[in-house]
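Undergrad: The structure that follows is given in the form of structure tokens.
The values are calculated or read from the model by the stated rules, or taken from the named source; none is laboratory data. Note that this is a predicted model, so its numbers are computed, not measured. Don't worry about glycine lacking a Cβ; one is built from the backbone with ideal geometry, like all the others, and counts go over all protein chains shown. With ligands, DNA and RNA removed, areas are computed over all heavy atoms of the protein, side chains included. Shrake-Rupley method; radii C 1.70, N 1.55, O 1.52, S 1.80 Å.
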Amino acid sequence: MILNLFPCPCFIIAVSLILLKSIVHSYPTSSEGSMSMSSSRASQHQRHLPPSLNSPIIIGYAHDAKSGKTEQAIRDGANVIIWSFLHLEIDDDGAVGGGKIRTELNLEEIRTIRDRYEHVMHLAAFGGWNGPHPPATMTGKQWFDVFLHFNTANGHVFDGVDWDYEGHDDLQSPTAQLTIDTLDIMADFSVEAKKHGMIVSMAPAESYLDASIKPGSVDEKFSLALDLPPRAWASDRYYASEDDRALVESKGFRHAGRQCYVYVLAKAGVDTFDWISIQLYESYSPFAHDVHQRKLEQVDALMIRIHQLIKGYTVTDLPLESSEYEVKLPASKLVLGIANKWADGLKVCKVEPSAVRSAYESTLTEHGRGFLGVMFWTIEEEGIADGERLTHLLSREFKKLGLSSEL
């Protein structure tokens, strides 16, 4: 009797087809595969904040990687460098969907700094005063794919993105106001970036995310305009004097917004963002009016905003499914944005590092934890001597908190 030890041909064909099908389904399509592999490589290179922090972080904006000032700021205690600026542009010859990234930043030098200081995070800032807004011919998701490709091609030099779209000196410029398309791009890009494990932050001017408003006033209504008079310097509701009004009118200053970045928070969700830096150094900001004109102590003016952002305030007239949204930031996502030595003490308030420390202590006592940290514009304005460098002065104050300053 001869035993047949070999399976029949039909059995072999069936098994082969099953195996082939499983192999095909285990690989994505070429475009999906490219993005999937880019995302996987990116997550391996990206740096993040540790899950717990005992000391405020220090964030500095920079644009000149060869000045030596960025490295000095890092040695002084900066944990995050945000590089300004990058721009989204349409290019029919672009690598991804017709879009491209334009920047004058020295990416090679940034990589050198990144390799030298492995504990520091580096973000790409989009926008800037007088800067272009993103073309609306592509969606936020598509623009994120452009950035992901760009970042991968440049050795994963950035750990995430920062939104800084603002107005324009020329009030007739198209970018003297925002558009819903721009805000949608910011929100949808942010969601995609977070899905890919990137750090996402925004830096609204104070009027763009304004917590110190009077409830029930026009100032709680969302607006796309970026050519409004500064409310605290022009309205009786905020104790504006005739001299205050005369000052801003003589300067021809109409560059404030009204709650415009709230749209992005409402659509993308607060959890999408690692932090939100409030630009208290906005020209003729409500904060500057409180300190310079109303003569509030700096720490008191800071705490008004910190309390209200943590407690929450309502914005209305949003063109979303719900027209109202409660802006409520956990202290763990709140960053105070201040100016260094370029602040003139009137148009822009120069915040004392000791006031920042006192505000941190008060926040810790009253809310159970301190705010995440402080951001400043700009590293290139840092001085040479220790007492002329804001990073050094902030680090010195934070050491007085008796907490660890290590990331």
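Undergrad: How much of the accessible area of the chain, probe 1.4 Å, is carbon plus sulfur, in whole percent?
TA: Ligands and nucleic acids excluded, carbon and sulfur give 51 percent.
Undergrad: Find the accessible area per residue for region 222-364; the probe is 1.4 Å, ligands and nucleic acids are left out, and the unit is Å².
TA: Computed with neighbouring chains in place, this is 39 Å² per residue.
Undergrad: Within region 103-251, what percent of beta bridges assigned by DSSP are antiparallel, to the nearest 5?
TA: 10
Undergrad: Per residue Cα convex hull volume for the chain, in cubic angstrom?
TA: Convex hull of Cα atoms, per residue: 198 Å³.
Undergrad: Based on the alpha-carbon gyration tensor of region 117-200, what equivalent-ellipsoid semi-axes (square roots of 5 times the eigenvalues) come out, in whole Å, largest first?
TA: Semi-axes from the Cα gyration tensor: 25, 15, 10 Å.
Undergrad: With label points built 7 Å along Cα→Cβ from the Cα atoms of GLU118 and LEU171, find their separation and express it in nm.
TA: Label-label distance for GLU118 and LEU171, simple model: 5.4 nm.
Undergrad: May I ask you to derive the FRET efficiency for LYS328 and ARG237 from their Cβ-Cβ distance with R0 = 25 Å, giving the value to the nearest 0.05?
TA: On the way: r = 23 Å, r/R0 = 0.92.
The value I calculate is 0.60.
Undergrad: Please give the contour-minus-distance gain from ASP91 to HIS307: 0.36 nm per residue of separation, less the Cα-Cα distance, rounded to one decimal in nm.
TA: Between ASP91 and HIS307, full extension yields 73.2 nm more.
Undergrad: Can you list the lysines whose alpha carbon is less than 21 Å from that of LYS66, not counting same-chain residues fewer than 8 positions off?
TA: LYS341
Undergrad: Under the Karplus relation 6.51 cos²θ - 1.76 cosθ + 1.60, θ = phi - 60°, what is the ordered set of whole-Hz ³J(HN,Hα) values for region 143-156, x standing for Gly and Pro?
TA: 5, 5, 4, 4, 5, 4, 4, 4, 5, 5, 5, 9, x, 6
Undergrad: Is it possible to state the helix-based mean residue ellipticity at 222 nm for the chain, with each DSSP H run of 4+ residues giving -39500 (n - 2.57), the sum divided by total residues, to the nearest 500 deg cm²/dmol? What is it? Walk me through the numbers before you get to the answer.
TA: Numbers: 12 runs with 141 residues, N = 407.
-10500 deg cm²/dmol, from helical runs alone.
Undergrad: Mind checking region 241-298 for GluC sites (Glu not before Pro) that DSSP puts in a loop (not H, G, I, E or B) and that have at most 13 other Cβ atoms within 10 Å?
TA: Those that pass, being in a loop and sparsely packed, are GLU297.
Undergrad: Given a Förster distance of 22 Å, report the FRET efficiency between GLU366 and LYS221 from their Cβ-Cβ distance, rounded to the nearest 0.05.
TA: Working: r = 29 Å, r/R0 = 1.33.
That gives a FRET efficiency of 0.15.
Undergrad: Quick one: how many Å² of THR103 are accessible to a 1.4 Å probe, rounded to 10?
TA: Approximately 40 Å² for this residue.
Undergrad: Shifting gears a bit: Please give, to one decimal in nm, the separation of the simple spin-label points placed at GLU297 and ASP317, each 7 Å out from Cα toward the Cβ.
TA: That separation, rounded to one decimal, is 3.6 nm.
Undergrad: Chymotrypsin sites (Phe, Trp or Tyr not before Pro), restricted to region 219-285: which are DSSP loop and have at most 13 other Cβ atoms within 10 Å?
TA: Here the chymotrypsin sites (Phe, Trp or Tyr not before Pro) that fit, given the DSSP loop and packing criteria, are TYR239.
Undergrad: For VAL348, what accessible area in Å² do you get when you roll a 1.4 Å probe over the heavy atoms of the protein chains, rounding to the nearest 10?
TA: 10
Undergrad: Moving on. So which aspartates and glutamates pass the test for LYS69, namely a Cα distance under 14 Å, with those fewer than 8 places away in the same chain ruled out?
TA: Of all the aspartates and glutamates, those that pass the test against LYS69 - Cα under 14 Å, at least 8 places apart if same chain - are GLU109, GLU380, GLU381, GLU382, ASP386, GLU388.
Undergrad: Rounded, prolate or oblate: which one fits region 244-399, using the alpha carbon gyration tensor with axes a ≥ b ≥ c (rounded when a/c is under 1.5, else prolate when a/b beats b/c, else oblate)?
TA: Numbers: a/c = 1.79, a/b = 1.21, b/c = 1.48.
Because a/c hits 1.5 or more and a/b fails to exceed b/c, region 244-399 counts as oblate.
Undergrad: Do you know the relative contact order of the chain, to the nearest whole percent, from alpha carbon pairs under 8 angstrom that are 6+ apart?
TA: 17 percent.
Undergrad: Indicate, rounded to the nearest 5 percent, the antiparallel portion of the DSSP beta bridges found entirely in the chain.
TA: Percent antiparallel among DSSP bridges in the chain is about 25.
Undergrad: Also, I was wondering about something else. Given region 320-388 reduced to its alpha-carbon atoms as identical point scatterers, what log10 I(q)/I(0) does the Debye formula return at q = 0.17, 0.19 Å⁻¹?
TA: Result of the Debye calculation: -0.77, -0.87.
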